[in-house]
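The values are calculated or read from the model by the stated rules, or taken from the named source; none is laboratory data. Since the model is a prediction, treat every value here as computed from it, not as a measurement. As a convention, Cβ positions derive from the backbone with ideal geometry for all residues, glycine included, and neighbour counts pool all protein chains shown. Surface areas here come from the heavy atoms of the whole protein model, side chains and all, with no ligands, DNA or RNA. Shrake-Rupley method; radii C 1.70, N 1.55, O 1.52, S 1.80 Å.
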Amino acid sequence: MKRILSSEITSESNYRNRRQFIRDAGLAIGGGALASALPLVAAAEGRDLATVPGPHSTDETPNSWTDVTTYNNFYEFGTGKEDPYRNAGDFVTAPWSVKISGECDKPGTHALEDIMAPHTLEDRVYRHRCVEAWSMVVPWVGFPLGDLLKRFAPNSNAKFVRFKTLYDPKQMPGQRRAILDWPYVEGLTIAEAMHPLTLMVVGVFGKELPNQNGAPLRLVVPWKYGFKGIKSIVEIEFTRRQPRTSWELSAPHEYGFYANVNPEVDHPRWSQARERRIGAGLFASKQPTLMFNGYADEVAELYAGLDLRKNY
Amino acid sequence: MTAGALRTLKVCVFLVCLVPLGKLALELLGVAGLSLGANPVEELIHRFGIWGLNFLMITLAVTPLRFMTGKNWLIRFRRMLGLFAFFYVLMHFLVYAGLDQGFDLSVILEDVVERPYITVGFTALLLLIPLAVTSTNRMMKRLGRRWQKLHRLVYPIAVLAVWHFYWQVKLDTLEPIVYIAILSFLLGYRFWRKYVRSAHPR
């Protein structure tokens with residue numbers, strides 16, 4: 001018998017309306033006492049975004065708003081999965097600007113509005129696979145990173161793209177301890193960055209990105225482990241040499257530059273052959289992990305001839 | 001302490017030891033807005049593991065506490081605390097084996113053999129079994145002096161358990177380091193008492 005997921009029965013909007021009702025009822029009855037006892041009610045939601053359906057979306061059922069917004073790895077706000085949800089509420093994302101530098105003809109610093117202005121926002125439902133062997137399906141809102149990068153006219157020396165997260169220990173309590181070498185740095189080859197699947201994300205579920213998901217601007221590379229998807233980006237640099245990324249620096253034998261999802265190459269401490277789908281329920285078994293997270297048809301050619309065991 | 005008072009206190013301690021289990025049950029059932037979060041299986045494994053570790057530390061704290069306070073009746077709680085440690089560690093393993101791996105013996109065996117942190121944790125669990133089995137009064141009598149020798153296994157078990165936790169953590173080792181500090185104190189105290197203090201009798 002096929003198991004029926006609650007998310008298949010309850011639409012996202014119904015789900016959220018119901019939660020809102022519970023919260024309002026709680027406020028009415030208990031003067032807020034009950035509402036504050038509901039620790040994982042959906043996070044405050046941002047504005048609706050004007051979007052069009054994008055290509056490459058999976059048919060799989062997206063996770064719930066609660067799953068997507070309360071189970072996050074965003075160490076700038078704490079190492080617990082719920083820490084970003086709890087600690088990122090007051091994070092200020094406006095005004096926001098992004099510095100473009102390095103091997104390009106049009107470097108400069110741009111306000112987020114200018115970064116976004118020429119692009120059409122697309123809804124793209126992607127599988128998301130964490131290096132910790134869990135996964136979700138997330139309805140992102142964004143535009144192809146390649147379209148953005150072309151605006152700055154990268155030159156022929158631009159072989160890699162390096163991204164940097166905001167460094168602000170006052171706002172980001174996780175940065176007050178040297179767990180990683182702050183600020184967080186990630187990188188892609190220029191071919192990966194220009195690939196049509198690679199997304200600059202500004203929203204989820206048709207709404208502005210909640211802070212805990214990397215507001216206001218983050219990267220999503222669906223065939224790579226989630227930690228490649230750097231959040232709250234303030235710098236994009238075109239480089240000649242392969243950037244040294246945060247996780248690679250902290251544990252080079254465990255986390256590589258490529259970090260492509262690969263069921264055949266285990267993490268030194270755990271298997272990557274299977275994954276736990278968040279929201280599938282207590283008794284659901286793990287599911288097999290797919291090569292390149294199921295995007296092999298689109299991206300395998302990027303790595304032709306590369307030893308994926310060495311270049312993990 | 002009178003026998004009656006001791007019995008009452010034992011019941012109280014027993015109930016307190018069940019609180020972590022009760023809280024997990026409420027969260028599992030979603031009572032009063034409590035929840036295990038988006039990944040309940042991982043949360044159950046982690047919480048049972050942490051409480052297994054906590055009870056191991058509490059059990060190992062009984063003897064130093066007894067020496068420091070002179071309250072010898074504390075020893076009467078050690079067996080119960082040790083058995084709770086075994087209970088939470090066993091639940092930790094069962095949730096991993098059952099809910100996480102679906103009792104797939106080949107996968108579990110592969111984990112035990114190939115993942116060093118699981119090898120270490122599994123060894124600690126195996127070593128705990130003879131201690132739990134020989135925890136009855138009858139076994140104590142039957143084994144005599146060998147009983148004490150056997151139960152010294154709790155020291156390597158505690159070391160393995162903390163090691164297992166340290167190795168499992170992805171990056172932030174603060175929490176396991178706290179356990180290393182606690183265990184170092186608990187074992188260091190014993191060493192100091194046996195070798196350093198007794199060498200200089202006052």
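Per this entry, A:TYR126 is counted among residues that are closer than 27 Å to A:TRP270 by Cβ and aromatic (Phe, Trp, Tyr). Within region B:144-177, being open to solvent by 40 Å² or more (accessible area, probe 1.4 Å), more than 14 Å from every other protein chain (Cβ to nearest Cβ) and assigned to a helix (DSSP H, G or I) holds for B:ARG145, B:ARG146, B:GLN148, B:LYS149, B:LEU150, B:TYR155, B:PRO156, B:VAL159.
Here's the yes/no breakdown for (1) surrounded by 15 or more Cβ atoms within 10 Å (Cβ to Cβ); (2) touching a strand residue (DSSP E or B) at 6+ places or on another chain (Cβ under 7 Å); (3) not aliphatic (A, V, I, L, M):
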site: B:LEU18; (1), (2), (3): no, no, no
site: B:LEU21; (1), (2), (3): yes, no, no
site: B:SER35; (1), (2), (3): yes, no, yes
site: B:GLU42; (1), (2), (3): yes, no, yes
site: B:ASN54; (1), (2), (3): yes, no, yes
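Kindly provide the set of residues from region A:230-247 that are among the charged types (D, E, K, R) and either farther than 21 Å from A:ALA158 by Cα or buried (at least 21 other Cβ atoms within 10 Å of the Cβ) (or both), ordered by number. If the condition is that a residue be among the charged types (D, E, K, R) and either farther than 21 Å from A:ALA158 by Cα or buried (at least 21 other Cβ atoms within 10 Å of the Cβ) (or both), then A:LYS231 is the only one that fits. Please indicate, with yes or no, whether at least one residue in region B:116-131 is open to solvent by 90 Å² or more (accessible area, probe 1.4 Å) and more than 14 Å from chain A (Cβ to nearest Cβ). Taking every residue of region B:116-131 in turn, none turns out to be open to solvent by 90 Å² or more (accessible area, probe 1.4 Å) and more than 14 Å from chain A (Cβ to nearest Cβ). A:PHE257 passes every criterion in (1) in contact (Cβ under 8 Å) with a residue 40 or more places away in the chain; (2) assigned to a loop (DSSP other than H, G, I, E, B); (3) within 14 Å of chain B (Cβ to nearest Cβ); (4) at negative phi apart from (3). Among residues that are of a type in the set (Gly, Ala, Ser) and crowded, with 22+ Cβ neighbours inside 10 Å, A:ALA88 is included. Would you check which residues across region A:252-262 are open to solvent by 10 Å² or more (accessible area, probe 1.4 Å) and within 20 Å of B:TYR117 (Cα to Cα) and list them? Within region A:252-262, A:PRO252, A:HIS253, A:GLU254 meet the criteria.
Residues that are under 24 Å from A:THR70 (Cβ atoms) and assigned to a helix (DSSP H, G or I) within region A:282-295 comprise just one, A:ASN293.
For region A:260-291, a tally of residues being more than 13 Å from every other protein chain (Cβ to nearest Cβ) and hydrophobic (A, V, I, L, M, F, W, C) returns 4. Scanning region A:267-283 for residues that are more than 22 Å from the chain's Cα centre (by Cα) and without any contact (Cβ under 8 Å) to a residue 40 or more places away in the chain gives A:PRO268, A:ARG269, A:LEU282, A:PHE283. Residues in region A:168-182: is at least one within 27 Å of A:GLY294 (Cα to Cα) and in contact (Cβ under 8 Å) with a residue 12 or more places away in the chain? No. Any chance region A:269-281 includes a residue that's open to solvent by 30 Å² or more (accessible area, probe 1.4 Å), closer than 25 Å to A:LEU149 by Cβ and assigned to a loop (DSSP other than H, G, I, E, B)? No - not one qualifying residue is present in region A:269-281.
Applying the criterion of being of a type in the set (Asp, Glu) and open to solvent by 50 Å² or more (accessible area, probe 1.4 Å) to the residues of region A:58-81, the residue that is nearest to the other protein chains (Cβ to nearest Cβ) is A:GLU60. In region A:105-123, of all residues being assigned to a strand (DSSP E or B) and over 13 Å from A:PRO95 (Cβ atoms), the one that is most open to solvent (accessible area, probe 1.4 Å) corresponds to A:ASP123.
Condition (residue is under 30 Å from B:GLY121 (Cα atoms), within 13 Å of chain B (Cβ to nearest Cβ) and in contact with a Phe, Trp or Tyr (Cβ under 7 Å, 6 or more places away or on another chain)) applied to region A:213-225: is it met by at least one residue? Checking region A:213-225: not a single residue is under 30 Å from B:GLY121 (Cα atoms), within 13 Å of chain B (Cβ to nearest Cβ) and in contact with a Phe, Trp or Tyr (Cβ under 7 Å, 6 or more places away or on another chain).
Give B:ARG78, B:ARG7, B:ARG66, B:ARG47 a once-over and let me know the one that is open to solvent by less than 80 Å² (accessible area, probe 1.4 Å) and more than 14 Å from every other protein chain (Cβ to nearest Cβ).
B:ARG66
Among the numbered conditions (1) open to solvent by 60 Å² or more (accessible area, probe 1.4 Å); (2) in contact (Cβ under 8 Å) with a residue 60 or more places away in the chain; (3) not basic (Lys, Arg), the only one that A:VAL299 does not meet is (1). Within the set B:VAL107, B:VAL89, the sole residue that is within 14 Å of chain A (Cβ to nearest Cβ) and surrounded by 15 or more Cβ atoms within 10 Å (Cβ to Cβ) turns out to be B:VAL107.
Taking each residue of region B:90-111 that is on the phi > 0 side of the Ramachandran plot and looking for partners that are open to solvent by less than 50 Å² (accessible area, probe 1.4 Å) and aliphatic (A, V, I, L, M) with beta-carbon atoms closer than 9 Å, six or more apart or interchain, yields B:PHE103/B:ALA97.
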